[in-house]
Amino acid sequence: MSPEKVDIMLRSYQECAGRCGHLEQEIAGLKSMIERLKKTALEDAVSTTSQVTGMPRGGSTSDPTARVGIMYADGGVPKEVRELEGELKALEAEYSEKHQTIVFVTAWLSGLTAKERWLIEKHVIDAAYWREVVIAYHVEFGENYSRDGLKRIQQAALQKIYKMAA
């Protein structure tokens with residue numbers, strides 16, 4: 001993976017994490033809705049309005065519930081369900097792509113020291129200004145580093161990440 005792609009993934013980590021949380025809820029809701037629609041359509045198809053007489057019927061039927069039942073028996077799915085399943089498939093594809101970013105970034109961060117990880121999270125992922133990073137680093141670790149010193153540490157951490165991603 002190229003360093004440019006790694007940088008993009010690091011910067012988009014928070015957005016991907018938030019979007020994945022949203023997509024998980026949306027996907028669960030769509031799956032539930034699809035199952036309800038399938039069940040409702042199937043129940044409608046099973047509950048017939050005509051009386052069963054045992055007599056043979058013609059080849060085609062005008063009963064809407066019977067048509068739904070025949071459609072399900074033949075493996076068909078109502079148009080409304082197909083549309084929702086298409087939407088579900090698109091959301092699952094987006095989730096998969098964004099979740100991959102989360103998995104990669106989490107793995108890379110686990111390969112860094114605590115100070116390197118903190119610096120990457122604060123400056124690259126959270127996009128804090130260097131002035132804020134210098135002050136927060138002193139508060140967090142009790143060590144004084146200049147902006148240039150922290151940049152060197154960050155650059156070394158990024159090189160480790162690039163090696164992990166290669």
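The values are calculated or read from the model by the stated rules, or taken from the named source; none is laboratory data. No experiment lies behind these values; they were computed from the predicted model shown. Using ideal geometry, Cβ is built from the backbone for each residue, glycine included, and neighbour counts are taken over all protein chains shown. To get the accessible areas, we keep the full protein, side chains included, count just its heavy atoms, and leave off ligands, DNA and RNA. Shrake-Rupley method; radii C 1.70, N 1.55, O 1.52, S 1.80 Å.
Cα to Cα, under 21 Å, and not fewer than 8 places away if on the same chain: which lysines meet these conditions relative to residue 5?
Cα-Cα hits under 21 Å: 98, 122, 151, 160, 163.
Summarise the accessible area of the range 107-160 (1.4 Å probe, protein heavy atoms) by the percent that is carbon and sulfur.
51 percent
Could you state the accessible area per residue of the range 100-158 in Å², with a 1.4 Å probe and every protein chain left in place?
57 Å²
Averaging over every viewing direction, what projected area does the convex hull of the Cα atoms of the range 108-166 cover, in nm²?
Approximately 3.6 nm², given one-decimal rounding.
Within the range 87-166, report the GluC sites (Glu not before Pro) that DSSP leaves as loop and that have at most 13 other Cβ atoms within 10 Å.
143
If you plug each phi of the range 108-117 into the Karplus form 6.51 cos²θ - 1.76 cosθ + 1.60 with θ = phi - 60°, what whole-Hz ³J(HN,Hα) values come out, in order, with x for Gly and Pro?
5, 5, 5, x, 9, 6, 4, 5, 5, 4
Please give the length that would be gained between residue 127 and residue 110 if that part of the chain were fully extended, namely 0.36 nm times their separation in residues minus their C-alpha to C-alpha distance (nm, one decimal).
4.2 nm
How would 123, 22 line up by accessible area, probe 1.4 Å, largest first?
22, 123
How much length would be gained if the chain were fully extended between residue 141 and residue 94, taking 0.36 nm per residue of separation minus their Cα-Cα distance, in nm to one decimal?
Extra length available between residue 141 and residue 94 comes to 13.1 nm.
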